[in-house]
Every structure is written in C-alpha cells, then in structure tokens.
Amino acid sequence: MSDALDATPYDALLLLSFGGPEGPDDVVPFLENVTRGRGIPKERLKEVGQHYFLFGGVSPINDQNRALLDALRKDFAEHGLDLPIYWGNRNWAPYLTDTLREMVADGRRRILVLATSAYASYSGCRQYRENLADSLAELAAEGLEPPKIDKLRHYFNHPGFLDPMIDGVLQSLSELPEDVRAGAHIAFTTHSIPTASADTSGPVETHGEGGAYVEEHLDVAQLIADAVRERTGIDHPWRLVYQSRSGAPHIPWLEPDICDHLEALHGAGVPAVVMAPIGFVSDHMEVLYDLDTEAMAKAGELGLPVRRSATVGDDPRFAAAIRELVLERAAVESGREVTPCALGALGASHNLCPVGCCPARAPRPAAAGADSPYA
C-alpha cells in the first residue's frame with residue numbers, strides 16, 4: 001500500500017487478552033472471574049488453581065502480553081505508524097472496562113481491537129465481543145459516550161503468524177536425536193472445545209462437523225507441514241490433536257487428547273514427536289502446564305523423545321503482521337483498495353462477524369459485529 005502508514009479512521013489499537021493471576025493471592029479471585037455465573041464452589045476453584053500454584057501462582061500470560069505490546073510499539077514506531085496501543089484483559093487487571101474508560105478519557109473515538117486468539121470460535125471470538133459489549137454498556141451507564149469498536153479479522157493464516165511457527169517446528173525437529181528425527185511425527189495442538197461449540201463456529205455457512213474452528217486449524221497444520229517438507233525434504237506425518245479440556249465429562253469435546261495421542265503413537269512404533277501448539281499465541285499456562293508439564297511427563301513415562309515447538313509470542317514478524325492487518329482494515333474502512341494477505345485454502349477471514357457467527361448458548365449482545373448494538 002502506498003499510503004500504508006495511514007491508520008485513518010482509527011485513533012487507537014486495543015490489545016484484548018484473557019488475563020491471568022500474578023501471584024498466589026490472585027489465583028482464586030481470577031478463577032472466580034473466569035467462571036462467574038457458573039456457581040462453582042471456592043474449594044473446587046482452589047483445586048483447579050493447582051496448575052497455577054505449581055508456578056508460584058503466576059500465569060506467564062500478562063508478561064507475554066507486555067512483551068507483545070513492546071514489540072508492537074517498536075514496530076509501529078520504526079515504520080512511522082502513529083497509533084497508540086492500549087491493553088485490557090477480560091478476567092484480570094488491567095481490566096477491559098477500565099482500559100476503555102481510559103481510552104475514552106484520552107479522546108479515543110474509533111478503536112481497533114486485536115484479540116489474542118487467531119481462530120473462529122465462541123470462546124476465541126464472540127465471547128471477546130460479548131465482553132466488549134458489556135464494557136461499552138457499563139461506560140454508557142456511567143454517562144460516557146461509547147467509542148466505535150471494530151475487531152481485526154482472524155489472522156491464523158497470515159504469514160507473519162505462520163512463519164514463526166514453521167521455524168519453531170524446524171528447530172524442534174533439529175533438537176531431536178538424529179537417529180529418530182526423520183521418522184518423527186508432528187502433533188499440532190490446540191485447545192479442545194465442546195463439539196457442539198466447534199460445529200457452530202464461524203459464519204453459518206461453515207457450520208457442520210468441526211465448523212470453522214477445526215477447518216482453520218487443519219489449514220494451518222497443512223501449511224506448516226508443507227513448509228517443513230519443502231525445507232527438509234521429509235514428509236513428516238501429522239495430526240491435529242487437542243489439549244486443556246475442562247467441563248463436565250458427559251459433554252463431548254474435541255479429541256484426541258495430546259496425552260492419548262502420544263500413547264497411540266508410541267504403541268504404533270513412532271520413534272519421536274514434535275508438539276506444535278498452533279492454537280495458542282503465546283506460551284501461557286495451558287502450554288506451560290498441559291504440554292511442558294503433563295504431556296512431557298507422559299512422554300517420559302513412555303520413553304518417547306518429544307520436543308515442543310515455540311508459539312509466536314512477541315516475534316517481530318507477528319508484530320509486523322498486526323501492523324499490516326491494522327493498515328488493511330483501515331484501508332477497507334476508508335474505501336481504499338486493498339488485497340488481504342492470507343495463505344492456504346481458506347483465504348482471508350471476514351472483517352465483520354456476521355449474524356449467527358459462533359453463537360452463544362444464551363444470546364447476549366456482542367460488539368464489533370453485524371449484530372452489534374453499538375453502530
């Protein structure tokens with residue numbers, strides 16, 4: 001784009017993330033925020049919080065978001081993009097409503113949102129949009145004029161998201177013992193969600209078995225596997241598997257679980273595995289515990305050589321991708337011609353979530369979509 005440094009009509013970018021505890025005393029209050037309205041007893045939350053207590057009660061996600069903020073600000077400054085960046089969380093400080101209140105006080109009227117979730121799903125997109133609507137309603141109740149908010153499109157197939165993961169898989173393969181490297185399988189992992197939620201993920205026309213959630217992950221896995229083959233000359237077998245299941249055991253969730261998959265591969269005589277957490281932007285608690293702790297322990301029991309590849313985190317290529325996505329959306333909103341950047345079979349995702357996209361079990365207002373009450 002010749003005018004690529006013009007972010008008009010936007011006057012700010014908001015990094016919107018999940019949030020996490022930053023000390024032992026934060027763990028139960030944080031989990032109360034996450035599970036609000038579900039009636040889960042505090043004693044049960046203490047049990048769930050053991051994952052956090054193993055790491056001093058600290059989730060790495062907030063520090064990882066600070067690192068991403070630094071990378072984004074550095075990239076924007078180096079490329080002359082004058083767009084302030086704010087940060088708000090859904091479940092812990094800095095809270096989303098507080099950040100939006102600050103942005104309004106600073107005079108921000110047209111805000112673009114970057115969610116730390118690359119794929120379509122209720123929990124990875126619409127729930128963020130519902131939280132935005134809740135916060136905007138709270139600002140309106142305080143007598144403040146809510147800003148107009150748009151959300152960046154899903155970036156799962158942007159090269160700036162894919163390339164760091166490709167390099168991570170290649171690095172992990174190189175770290176395996178040489179005698180098992182060529183026969184290694186790749187286990188692409190993402191967060192398991194209820195199959196009913198997966199089936200209704202994405203726009204209505206994508207609903208069906210696994211919906212857009214599974215389709216998008218499969219597209220990413222294929223892109224990475226193809227790139228690995230091109231660079232190494234070896235066609236490593238792969239499968240999309242799942243981790244971090246929660247909820248009632250009688251409700252069907254996406255399978256197979258990563259630990260079950262490792263057992264199956266070992267039983268089939270596979271000599272080594274690379275776990276590639278493509279469903280996660282950074283190495284937060286679900287990567288740190290479910291893969292680096294639990295899955296690695298399972299691999300140790302099996303005597304199976306396993307490496308875990310890196311997530312994107314604050315890689316400069318990801319920061320550059322966000323800049324490109326900001327400018328792409330600004331061009332669209334300004335009526336300028338733009339060619340969206342996307343790899344794979346699915347093409348660029350929608351800019352505006354349509355009606356019926358990733359529906360909730362109980363309908364709630366959601367901002368930054370075709371059904372937003374905040375035009």
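The values are calculated or read from the model by the stated rules, or taken from the named source; none is laboratory data. Owing to the predicted nature of the structure, the values given are computational and were not obtained by experimental measurement. Reconstructed Cβ throughout: ideal geometry from the backbone, glycine too, with neighbour counts over all protein chains shown. Just so you know, the surface numbers come from the protein's heavy atoms only, side chains and all, with ligands and any DNA or RNA stripped out. Shrake-Rupley method; radii C 1.70, N 1.55, O 1.52, S 1.80 Å.
Figures for the structure shown
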{"item": "Selection from Val220, Pro147, Val58 lying farthest towards where the dipole of the chain points positive, charges on Cβ", "result": "Pro147"}
{"item": "P(r) tail fraction, segment 244-375 - alpha-carbon pairs more than 26 Å apart, %", "result": "50 percent"}
{"item": "DSSP bridge pairs, the chain: antiparallel proportion in percent, nearest 5", "result": "5 percent"}
{"item": "Evaluated over segment 1-98, the Cα radius of gyration and Dmax, each in Å", "result": "17.5, 58"}
{"item": "Size of charge dipole - segment 94-154 - debye, nearest 20, with Cβ of Lys, Arg +1 and Asp, Glu -1, no other charges", "result": "400 debye"}
{"item": "Segment 67-185 - percent relative contact order, Cα under 8 Å, separation 6 or more", "result": "21 percent"}
{"item": "GNM result for the chain, Cα springs below 10 Å: residue of Gly160, Gly19, Gly344 fluctuating most strongly", "result": "Gly344"}
{"item": "Other-chain or far-sequence residues with amide H under 5 Å of Tyr86's (modelled H)", "result": "Leu13, Leu14, Leu15"}
{"item": "Cα centre as origin, Lys/Arg/Asp/Glu Cβ charges: segment 17-163 dipole, Debye", "result": "480 debye"}
{"item": "Cα pair distances of the chain binned at 10 Å [whole percent]", "result": "5, 23, 34, 26, 10, 2, 0"}
{"item": "Inter-centroid distance (Cα atoms) of segment 97-127 relative to segment 136-205, Å", "result": "17 Å"}
{"item": "Viscosity 0.692 mPa s, 37 °C: Kirkwood-radius Stokes-Einstein D of segment 99-249 over Cα pairs, µm²/s", "result": "181 µm²/s"}
{"item": "Dipole magnitude of segment 85-127, debye to nearest 20 (Cβ charges: Lys/Arg +1, Asp/Glu -1, about Cα centre)", "result": "180 debye"}
{"item": "Degrees separating the helix 127-141 axis from the principal Cα axis of the chain, which is the longest one", "result": "20 degrees"}
{"item": "Förster radius 35 Å - calculated FRET efficiency between Arg110 and Asp70, Cβ distance, rounded to 0.05", "result": "0.90"}
{"item": "His191 accessible area, assembled protein chains, probe 1.4 Å, Å²", "result": "40 Å²"}
{"item": "Surface per residue (accessible, 1.4 Å probe) for segment 231-375, Å²", "result": "46 Å²"}
{"item": "Whole-number accessible area per residue in Å² for segment 1-65, which is evaluated in the context of all protein chains at 1.4 Å", "result": "51 Å²"}
{"item": "Phi-based couplings in Hz for segment 106-119 (Karplus 6.51, -1.76, 1.60; Gly and Pro marked x)", "result": "7, x, 7, 10, 9, 10, 9, 10, 10, 8, 7, 8, 8, 10"}
{"item": "Met296-Asp63 FRET efficiency (beta carbon distance; Förster radius 25 Å; 0.05 resolution)", "result": "0.70"}
{"item": "Candidate lysines - alpha carbon under 19 Å from Lys42, same-chain residues fewer than 8 apart omitted", "result": "none"}
{"item": "Computed [θ] at 222 nm, helices only, for the chain once each DSSP H run of length n ≥ 4 contributes -39500 (n - 2.57)", "result": "-12000 deg cm²/dmol"}
{"item": "Accessible surface of the chain [probe 1.4 Å, protein heavy atoms]: carbon and sulfur percent", "result": "51 percent"}
{"item": "Gaussian network model of the chain, Cα within-10 Å springs - most flexible of Pro203, Pro177, Pro94", "result": "Pro177"}
{"item": "Top of Ala118, Ala272, Ala248 by mean-square fluctuation, Gaussian network on the chain, Cα under 10 Å", "result": "Ala248"}
{"item": "Net length gained if the chain between Ser334 and Ala141 were fully extended (0.36 nm per residue, minus Cα distance)", "result": "66.4 nm"}
{"item": "Those aspartates and glutamates that a straight Cα-Cα span of less than 15 Å connects to Lys148, excepting residues fewer than 8 apart in one chain", "result": "Asp11, Glu102, Asp106, Glu130, Asp134, Glu138, Glu333, Asp371"}
